[in-house]
Amino acid sequence: DIYNNIGFNQLQDENFKNLVFARLVYPVSKLKTSDYLTKYKDIDIPVQQIYRYLDKLYKEQKEQIQQISYKHTLKVLKGKVSVVFYDVTTLYFQIDDEDDLRKRGFSKEGKHQNPQILLGLLVSVDGYPLAYEIFEGNKFEGHTMLPVIDRFKDKYNIDKLIIIADSGLLSSQNITELQEKGYEFILGARIKNEKQDIKDKILSLNLKNGKNQTIEKENGLKIIISYSDKRARKDKNNRERGLKRLQKQLKSGKLTKSHINNRGYNKYLKMEGDIDIKIDMEKFNQDAEWDGLKGYITNTDLTKDQIIENYGHLWKIEKAFRISKHDLKIRPIYHQLQRRIEAHITINFVAYKIYKELERLLKEKKADISPEKAIDIAKTIYQITATDNGMTIKYNLILTDEQRYLAQLFHFGC
């Protein structure tokens with residue numbers, strides 16, 4: 001019903017529906033999906049047929065699918081998308097050789113030895129998926145944001161957008177281009193990398209827990225600085241753990257010249273003479289001044305509290321990636337051709353959209369189960385199809401209390 005109510009039944013394509021449902025309840029490779037559909041759904045769809053269908057999906061249906069999803073999201077959000085959230089993740093492949101798309105790069109999953117692609121995802125308030133693009137695995141993630149946002153804005157003829165993204169996508173080039181194109185934005189600020197006069201102003205604020213302050217910059221920009229005791233404790237704990245790791249490596253003799261860089265807590269290392277590596281405790285102690293401080297760079301006219309609140313919703317896109325990777329098992333990807341890779345991601349996009357709508361309906365119904373639990377219960381419900389004298393009857397076996405609860409929530413039964 002959720003699939004139909006969103007509007008995906010407009011495709012009138014059983015292959016698409018079966019692959020989306022399989023991704024929700026049994027996310028495996030296309031070969032295992034074919035086996036699952038045959039054994040448990042009595043649907044004969046050989047794996048080569050699935051591959052051919054992926055070609056069709058990419059060529060003929062991808063745009064329609066995104067249009068259907070967007071139209072439904074507009075309905076849920078009362079007809080307007082004005083704030084969007086953007087982030088990037090990496091998806092790896094179980095292969096050795098690179099090609100034009102799948103390349104080795106910095107992996108957020110720790111799979112540096114595997115070729116990968118970048119997936120840029122745009123979501124709305126409350127985490128509804130809006131658009132996505134894939135990029136070469138070695139591309140700087142900061143260069144992926146504008147292409148996705150520009151295409152989305154042009155496709156749906158949107159006049160004004162506020163873009164929210166974390167500090168990993170912050171660059172002077174991105175800020176310049178966003179301003180030139182008339183976008184408003186809230187980006188995580190790298191406050192330790194600011195000019196010295198700005199850093200001095202930040203450290204002189206002496207903010208108390210829960211307080212924030214504005215520092216004006218050039219070209220209509222401003223930085224909102226907030227302070228949190230909880231964040232300060234976390235920052236301190238992370239620094240001390242990093243220090244202990246360095247001390248342990250130093251004591252064991254495992255540190256070399258190659259560790260002298262600015263990655264992570266290696267920045268606390270310094271060389272004395274030719275070979276004497278020591279920990280720079282002065283730099284370690286200086287970093288303590290920044291504990292608990294968080295910055296947001298923006299050109300909007302929103303209040304400080306609105307800026308911080310909106311940025312705080314970024315966790316919803318992180319949740320989208322987590323669900324896609326863990327619940328829907330979007331990776332590793334086994335396809336080789338770019339069109340099939342994109343088709344695979346489209347199926348995951350739709351599955352996640354249905355997941356989000358299930359989540360919304362459960363909340364609306366004040367249900368005490370999660371979307372994951374609802375799907376797990378649904379997987380235990382079997383249907384009997386009986387045919388007698390040309391008449392076919394379908395009968396759902398609702399046998400347990402959990403099954404009855406789900407059936408009552410969504411008004412289905414025998």
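The values are calculated or read from the model by the stated rules, or taken from the named source; none is laboratory data. Worth saying up front: this structure is predicted, and the values here are computed from it rather than measured. Reconstructed Cβ throughout: ideal geometry from the backbone, glycine too, with neighbour counts over all protein chains shown. Each accessible area value is taken on the protein alone, full model and side chains, heavy atoms only, with ligands, DNA and RNA left out. Shrake-Rupley method; radii C 1.70, N 1.55, O 1.52, S 1.80 Å.
Among N4, I308, L24, whose Cα sits farthest toward the positive end of the charge dipole of the chain (+1 at Cβ of Lys/Arg, -1 at Cβ of Asp/Glu, about the Cα centre)? The residue sitting most towards the positive pole is I308. When the pairs K75/K230; K78/K160; K80/K379; K59/K153; K30/K59 are compared against a 26 Å limit on Cα-Cα distance, K75/K230; K80/K379 fall above it.
Counting only DSSP H runs of at least 4 residues, each contributing -39500 (n - 2.57), and dividing by the residue count of the chain, the helix-based mean residue ellipticity at 222 nm comes to -13000 deg cm²/dmol.
You can think of it this way: the chain between D401 and R151 has 85.2 nm of extra reach, that is 0.36 nm per residue less the Cα-Cα gap. Can you tell me the FRET efficiency between Q338 and K373 if r is taken as the Cβ-Cβ distance and R0 is 41 Å, rounded to the nearest 0.05? After rounding to 0.05, the efficiency reads 0.70. Among the GluC sites (Glu not before Pro) found in segment 193-256, those both in a DSSP coil and sparsely packed, with 13 or fewer other Cβ atoms within 10 Å of their Cβ, are E218. For the modelled label position 7 Å from the Cα of A232 along Cα-to-Cβ, which residues of segment 302-342 have backbone nitrogen atoms closer than 11 Å? Under 11 Å, as judged by backbone N against the label point of A232, lies no residue of segment 302-342. Selection among N157, I50, T90 by position relative to the dipole of the chain gives T90 as farthest towards the positive end (Cβ unit charges, Cα centre). Within the full protein context, the accessible area of K181 is estimated at about 100 Å² for a probe radius of 1.4 Å. Dipole size of the chain about its Cα centre, with +1 on Lys/Arg Cβ and -1 on Asp/Glu Cβ: approximately 940 debye, rounded to the nearest 20. Per atom type, segment 125-177 shows carbon and sulfur on 42% of its accessible surface, probed at 1.4 Å. Between the alpha-carbon centres of segment 1-25 and segment 79-129 there is a gap of 24 Å.
Extension gain for E63-K394 works out to 115.7 nm (0.36 nm per residue, less the C-alpha to C-alpha distance). Please determine, in degrees from 0 to 90 and to the nearest 10, the orientation of helix 338-364 with respect to the longest principal axis defined by the Cα atoms of the chain, where the helix direction is its Cα long axis. Between helix and principal axis, roughly 90 degrees. Summed over the residues of segment 74-213 and divided among them, the accessible surface reaches 47 Å² per residue at a probe radius of 1.4 Å. A simple count of charges around L146, restricted to other residues whose Cβ falls under 15 Å of its Cβ and scoring Lys, Arg +1 and Asp, Glu -1, yields -3.
Each label was represented as a point 7 Å from its Cα along the Cα-to-Cβ direction; for N4 and Q306 these points are 4.2 nm apart. For segment 277-377, the list of chymotrypsin sites (Phe, Trp or Tyr not before Pro) that fall in a loop by DSSP and count at most 16 other C-beta atoms within 10 angstrom reads Y334.
Return, ordered by residue number, the residues of segment 332-370 whose backbone nitrogen is under 20 Å from a label point located 7 Å along Cα→Cβ of Q383. Under cut-off, by backbone N: 351, 354-355, 358.
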